[in-house]
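Nothing in this text is a laboratory measurement; each read-out follows from the coordinates by a stated rule. Source: prediction; values computed, not measured. All Cβ positions, even for glycine, are placed from backbone atoms using ideal geometry, and neighbour counts span all protein chains on display.
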Amino acid sequence: MKIIESPEELQKETSNYRVQGKKIGFVPTMGFLHEGHEQLISQAKKQNEIVVLSIFVNPLQFGEGEDLDHYPRDEKHDREVARRLGVDIIFFPTVKSMYPSEPAIKLSVTKRTNVLCGKSRPGHFDGVVTVLAKLFHLCQPSAAYFGMKDAQQVAVVKALVDDLNFPVEIVPVPTVREKDGLAKSSRNVNLSPHEREEAPAIQKALQKGRKMIKNGEKDIQSVKTAVNTFIENNTHGKIDYIELLSYPNLEPVDRPAGKMILATAVKFEKARLIDNLVFDSNGEITIG
Ligand code: AMP
């Protein structure tokens, strides 16, 4: 496994693979790897000859007062996971090497962003697509792997590659969960023991909403209210949003139709947790 810190070196290396006609699979992450990330890497490994994993806590996608300074890191553990899973290149750039000076150009997302996390995190997805545009150029992948845990990110990244014609296939990967249903997340370590006990209620609430639709409920507001009540009754977290929207366009729906996302964000003392379900009008789960 090669460990590369310099963007130029990564681009040189991936250019060599491209010349040899090798298929490169890319897994962008912010590190502190868990089984969710592992699932992305394993799928990339199955579908490509070369797998590049990037670990970069991208300051551009963190707003003021967000957890950039407290974002958990463990490079040694991440290297071990990457080696165990057969990653070919691990890209660990520094902030200085990715942004040697204040960028003169930043991308701006105009759709799929004024809802869900985009609403309470202004500029977040601009930061995500700006760093991904750079990473796609450096890594030159045929396919890039993203978790449905961040379903809005998947929708926005699909728009990025479609609108700017990146020759990259975006592969959505189902959310990996703890046994009790809590979506795996690097941020879960910031939950207190009591909050950790309460947190699985988030997924339970979303499942409850999905089942209402499966059982024929047509009133979107009733579904959202039921999800809200369940989370409020079973956690001390503060609900940031509960939304039911079309997917991947993330537009409001009057009644269940087509592919939809039911999503929530809940703020605990030191961690903001997000989760979602994507399903069709019959309430059957679909991927991406
Ligand atoms: P992060 O390191 O949080 O930026 O996540 C890197 C990638 O891993 C993103 O595409 C996430 O959606 C994905 N990911 C994070 N948690 C999970 C999970 N529990 N299941 C599947 N994918 C995940």
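Given the criteria assigned to a helix (DSSP H, G or I) and within 27 Å of Leu10 (Cα to Cα), does Leu132 qualify? Taking the combined requirement at face value, the residue satisfies it. Taken over segment 253-273, the criterion of being acidic (Asp, Glu) and either farther than 17 Å from Val189 by Cα or crowded, with 19+ Cβ neighbours inside 10 Å (or both) is satisfied by Asp254 alone. For segment 25-65, a tally of residues being in contact with a Ser or Thr (Cβ under 9 Å, 6 or more places away or on another chain), under 24 Å from Gln11 (Cβ atoms) and not in a helix (DSSP H, G or I) returns 16.
If the condition is being touching a residue at least 60 places away in the same chain (Cβ under 8 Å) and within 13 Å of the ligand (Cβ to nearest atom), then segment 61-70 contributes Gln61, Phe62, Asp67.
Under the condition of being more than 6 Å from the ligand (Cβ to nearest atom), closer than 17 Å to Glu80 by Cβ and in contact with a Lys or Arg (Cβ under 6 Å, 6 or more places away or on another chain), the residues counted in segment 33-49 number 2.
Scanning segment 132-168 for residues being in contact with a helix residue (DSSP H, G or I) (Cβ under 6 Å, 6 or more places away or on another chain) and within 13 Å of Ser54 (Cβ to Cβ) gives a total of 5. On the given criteria, is Ile239 aliphatic (A, V, I, L, M), surrounded by fewer than 20 Cβ atoms within 10 Å (Cβ to Cβ) and within 21 Å of the chain's Cα centre (by Cα)? Considered against the rule, which asks whether it is aliphatic (A, V, I, L, M), surrounded by fewer than 20 Cβ atoms within 10 Å (Cβ to Cβ) and within 21 Å of the chain's Cα centre (by Cα), Ile239 comes out as yes.
Residue by residue, here is whether (1) on the phi < 0 side of the Ramachandran plot; (2) in a helix (DSSP H, G or I); (3) within 13 Å of the ligand (Cβ to nearest atom) holds:
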residue	(1), (2), (3)
Gly181	no, no, yes
Asn188	yes, yes, yes
His194	yes, yes, no
Ala205	yes, yes, no
Gly209	yes, yes, no
Lys218	yes, no, no
Val227	yes, yes, no
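When segment 139-154 is limited to residues that are out of contact with any Phe, Trp or Tyr (no Cβ under 6 Å at 6 or more places or on another chain) and part of a loop (DSSP other than H, G, I, E, B), the one that is surrounded by the most Cβ atoms within 10 Å (Cβ to Cβ) turns out to be Gln140. Thr175 meets the conditions (1) surrounded by fewer than 17 Cβ atoms within 10 Å (Cβ to Cβ); (2) assigned to a loop (DSSP other than H, G, I, E, B) in every case but one. The failed one is (1). Selection of segment 248-279 for residues being of a type in the set (S, T, N, Q) and in a loop (DSSP other than H, G, I, E, B) yields only Asn249. Can you name the condition, by its number, that Lys76 falls short on among (1) buried (at least 19 other Cβ atoms within 10 Å of the Cβ); (2) more than 16 Å from the ligand (Cβ to nearest atom)? So Lys76 meets the others, but not (1). Among the residues of segment 225-236 satisfying the criterion of being in contact with a helix residue (DSSP H, G or I) (Cβ under 7 Å, 6 or more places away or on another chain) and not aliphatic (A, V, I, L, M), which is surrounded by the fewest Cβ atoms within 10 Å (Cβ to Cβ)? Result: His236.
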